[in-house]
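All remarks here apply to the structure that follows.
Nothing in this text is a laboratory measurement; each read-out follows from the coordinates by a stated rule. Since the structure is predicted, the reported quantities are computational estimates derived from the model, not experimental observations. All Cβ positions, even for glycine, are placed from backbone atoms using ideal geometry, and neighbour counts span all protein chains on display.
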Amino acid sequence: MPYKFTFDLTVVPKRFFRELALVIDSRRLHRKTGRALRRLVDKFKLSEIVGLDVSGILLVLEDLVDIYIKNLAYRGDFIKSRKKVLFLPHCARKYVDYRCKAEFDPDIPTYRCRRCSNDCQINQATRIAGELGYDVYVVPGGSCIPNIIKRFGYDGVVGVACGEEIKLASTYLEQEGIPAQAVPLLKNGCFNTKFNIQSLEKILKFHGEHRMGSSKVDFS
């Protein structure tokens, strides 16, 4: 289930994300987390910048922190997995109309990227993941993911989605004992959504020689 509102964190100053990373790295991830996030929201006037009320912004930020914590907790097991897959949201395509040349395969279901736009994040992510040996699915929704995982036997998952979708997927993956890494959308909606391609690339490049604590927090 997606958020009941839209947001665009790509308009937020990068200094905010650096300070958010400091809050997480300082390990103040318990009772003080909410207060620390509220101070950041007030300091950077995020309600005015993003156009959301404070409660909505805090919900998104709390999900970002939760995603980072779970990424760290499951990173070791994810690195050990042998058959990894990347799931991308079709709404992150540059175009969601006839200009997108991706072909839809209803049997899986997935869109197959045809690399029609160099500045399309789906094109960029598909290329990077393919070069690293990942199978890639550009899915129309999260409900089809369990069937794809079972059908092809994946034991390590990387997913790009909004925080609400990531939480739903995490529940299923934890029940199945499948380690996962997630990259949250910084701009949600039905089309032209955005995520940090550099953050995704860092996760995709995790291999056995990497130590769990070797990655810095990077949301922006």
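Below, the figures for the structure above:
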{"item": "Chain lengthening between T171 and N192 when straightened (0.36 nm per residue, less Cα-Cα)", "result": "4.9 nm"}
{"item": "Extension gain, D135 back to Y98 (0.36 nm per residue minus Cα-Cα distance, nm)", "result": "10.8 nm"}
{"item": "Convex hull (Cα only) mean projected area of region 7-132, reported in nm² to one decimal", "result": "10.5 nm²"}
{"item": "Straight-distance crosslink candidates among aspartates and glutamates, where the alpha carbon sits under 19 Å from K84 and sequence neighbours closer than 8 are dropped", "result": "E131, D135, D155, E174, E176, E201, E209"}
{"item": "Rg/Rh for region 64-127, where both radii come from Cα atoms and Rh is the Kirkwood radius", "result": "1.08"}
{"item": "Degrees separating the helix 163-176 axis from the principal Cα axis of the chain, which is the longest one", "result": "60 degrees"}
{"item": "For V54, V136, V60, order by how many other beta-carbon atoms lie within 10 Å, fewest first", "result": "V54, V136, V60"}
{"item": "DSSP-defined beta bridges in the chain - what % are antiparallel, rounded to 5", "result": "30 percent"}
{"item": "Angle between the chain longest axis and helix 54-80 axis [Cα atoms, degrees, rounded to 10]", "result": "50 degrees"}
{"item": "Over the chain, relative contact order from alpha-carbon pairs under 8 Å, at least 6 apart, %", "result": "28 percent"}
{"item": "Value at 222 nm in deg cm²/dmol, rounded to 500, when DSSP H runs of n ≥ 4 in the chain each add -39,500 (n - 2.57)", "result": "-13500 deg cm²/dmol"}
{"item": "Label corresponding to mean projected area of the Cα convex hull in nm² when calculated from the structure given, among [x] 14.3; [y] 11.9; [z] 20.5", "result": "[y]"}
{"item": "Partners for K45 among lysines (Cα-Cα distance below 21 Å; same-chain residues under 8 apart left out)", "result": "K14, K32, K187"}
